[in-house]
Protein chains: 2
Amino acid sequence: MSFTIENIREARERIAPYIARTPLLRLQNLDSYLGCQVYVKAECMQTTGAFKLRGAMNKMLSLTPEQLKNGVVASSSGNHGRAVAYAARMLGTKATIVMPNSAPAMKLNAIKALGAEIVMCEPSERHAAADRICEETGAVLVPPFNDPAIMAGQGTAGLEIAEDCPDVDVVITPLSGGGLLSGVATAVRTLCPNARVYGAEPAPLPRYTVSLAEGKAVTVPQKPTIADALIGQTPGSHCFPVVQQHVAGTLPVDDAYTLKAMKLLLTEGKLLGEPAACIGMGAVLQGLLPVKPEEKVCFLVSGGNVGFEQLRVLDDVTL
Amino acid sequence: MSFTIENIREARERIAPYIARTPLLRLQNLDSYLGCQVYVKAECMQTTGAFKLRGAMNKMLSLTPEQLKNGVVASSSGNHGRAVAYAARMLGTKATIVMPNSAPAMKLNAIKALGAEIVMCEPSERHAAADRICEETGAVLVPPFNDPAIMAGQGTAGLEIAEDCPDVDVVITPLSGGGLLSGVATAVRTLCPNARVYGAEPAPLPRYTVSLAEGKAVTVPQKPTIADALIGQTPGSHCFPVVQQHVAGTLPVDDAYTLKAMKLLLTEGKLLGEPAACIGMGAVLQGLLPVKPEEKVCFLVSGGNVGFEQLRVLDDVTL
């Protein structure tokens, strides 16, 4: 079965009672910095602080009570885990979250506060660890991106963008495994055929830029990045063909520009995004995507889960 | 002539091409902290970073070219000055801004960048200094609050709140001289007669709380407050009777709760407000206004002009 906007519309029906319809903000104060008409889809204001609840909720609402009864397991650098923990609480089941030891304390603590069990491991071993727990306990895996139900859930953010700004010219989302980008691109390109959709990924982890060039999903080496939510090494097998079909290009962004964008969004846009959420603005600041003053460019700010003490990372960043 | 919603509607027509219709945000992630349904009127996203442009623009668009030709003068702790400097630039005239030496560097620099001339003085002498410059140069004074054209301009924010959330239960604005509160209260109480409107002022400078108790405008001693935008000592003579007529009460907020609110808005609401802008949430955190979980409470976040380095003031603040 192919992945279409119908999957996304069904997801929206299913998850509507549980998620926030986040605002699409027109941030005219950023226009002069970014050289275009700036719009922000503020998923940092989503329940659990990130878009991830859309996909997790859609997946878990698609499971039967029988499937849910032994609990759910997720492997996550933070935001997906928090979403799964929240959804588990709402649906009355148990969540176990496998996290890389590179995850920020703020994300870890938020998941603990939701009553989930946490298992720490090396970043590269987290998916294997999650599979093992499922085998041992009979719990169901809620994958972070490579599942049509997850992609459809994340795509509801794109549906809202297309409805709120039907003449949008460009949409840029953060990119890791491809769950968000594949869903958003499907919704936006179906409803706004003239819009171009881009994915911005950390330059140290260019899994999509490399894979699209080679025409097949390629695994890149694990490298550190300030965008701690975007550490996937391989495009999802379900996501990759959808991205190939709908996406105009990928933008590998240096961490220094992601941080500049984060400081710009905070001090001039008055919005707190976590580093990963600001990578699309970082791409434009870095000059990776030429934009025009009259173009409506929507930046999907994917999450705002950053601890106050983490803001120190912006101390020496200049705009 | 009495001050009514018609003044505010005319102001809106006049200023519409120059100001942003800021979003009314539903911030459900703050509900559990504040004990109500939280709405934010995000004037921190206004052009020049604060609501002040509404009033300054309305006043200056009401002047004749002849009146404007010798320039304009404003006395301001920052945001009003920035608004007047911006409006002067848009309208092709010169601005001189008299600032108290307590004004933050961020606000000072933003005004300089707009090409205005700056005169520094003691906080208590700023209004007299502005009058003197007008006499000497033939420039026109743009008052910060005590003028029906200013009140009408600020009231357009209330018009937008009433349109975007017609069943709002409570509206809280920051309060200093009373320009914002008088305008917003007139608009909201006319369009939503069941809504209650409150002004939140710094406890060290309770000019309205004292004046309302005494039934006449009273001057309080100048005292320091973290809410650097709210240092007026006396209610405006035009504003005071309007506040008496329309406002349900005033809330004198301790600086410690204003700072808690600022940290809460930033870390959980993902929105950057300057201290003064967060004082309404501070009032609720301090328990000064009982609210119910089902009540829709709109906090007018009046501005976001706070330098990144000023965020250090939140380092030791606990939620």
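Throughout, read-outs are computed from the coordinates displayed, never taken from laboratory work. All of these numbers come straight from a predicted model, not from anything done at the bench. With ideal geometry, Cβ positions are generated from the backbone for all residues, glycine too; neighbour counts draw on all protein chains shown.
Over the Cα atoms of the stretch B:206-308, what is the Rg over Rh ratio if Rh follows Kirkwood? Ratio of gyration radius to Kirkwood radius for the stretch B:206-308: 0.98. Considering only beta bridges that DSSP places wholly inside the protein assembly as shown, some 15 percent are antiparallel. Distance from the B-onto-A rotation axis is smallest for the Cβ of the chain B residue given, in whole Å, as B:PRO23, 3.
Which translational diffusion coefficient, to the nearest whole µm²/s, is obtained for the protein assembly as shown from the Stokes-Einstein equation, given a Kirkwood hydrodynamic radius over C-alpha pairs, 20 °C and 1.002 mPa s?
It diffuses with D of about 84 µm²/s by this estimate.
Extents of chain B, taken as max minus min of Cα coordinates on every principal axis and listed largest first, are 55, 43, 39 Å. Each residue of the stretch A:199-209 was assigned a 3J(HN,Hα) from its phi angle through the Karplus curve 6.51 cos²θ - 1.76 cosθ + 1.60 (θ = phi - 60°); the sequence is x, 10, 10, x, 4, x, 10, x, 4, 7, 4 Hz, with glycine and proline shown as x. Between A:ASP315 and A:THR137, full extension at 0.36 nm per residue minus the direct alpha carbon distance yields a gain of 59.5 nm. If R0 equals 35 Å, the separation of the Cβ atoms of B:SER124 and B:GLU13 corresponds to a calculated FRET efficiency of about 0.40.
In the stretch A:149-254, which trypsin sites (Lys or Arg not before Pro) fall in coil by DSSP and have 15 or fewer other Cβ atoms within 10 Å?
A:LYS216
For GluC sites (Glu not before Pro), no site in the stretch A:151-225 is both called loop by DSSP and has at most 16 other Cβ atoms within 10 Å. Here the stretch A:42-73 and the stretch A:170-235 have alpha carbon centers that stand 21 Å from each other. Segment B:GLN245..B:GLN67, full-extension length gain: 60.8 nm, with 0.36 nm per residue of separation and the alpha-carbon distance subtracted. Rounded to the nearest 0.05, what FRET efficiency is calculated for A:GLU163 and B:GLU294 with R0 set to 30 Å and r the Cβ-Cβ distance? Efficiency computed from Cβ-Cβ geometry: 0.60. A Cβ-based charge dipole, computed about the Cα centre of chain B with Lys and Arg at +1 and Asp and Glu at -1, lands at about 420 debye. Counting Cβ atoms of other protein chains within 10 Å of each residue's Cβ and taking the mean over peptide A:301-311 gives 3. Equivalent-ellipsoid semi-axes for the stretch B:112-226 (Cα gyration tensor, √(5λ), whole Å, largest first): 30, 19, 13. Neighbouring Cβ atoms from other chains, within 10 Å of the Cβ of residues in B:264-273, number 6 on average.
If you scale each eigenvalue of the Cα gyration tensor by 5 and take the root, what three semi-axes come out for the stretch B:53-141, rounded to whole angstrom and sorted largest first?
Its equivalent ellipsoid spans semi-axes of 19, 15, 10 Å.
Alpha-carbon geometry of the stretch A:165-244: the Rg and the Dmax are 12.8, 39 Å, given in that order.
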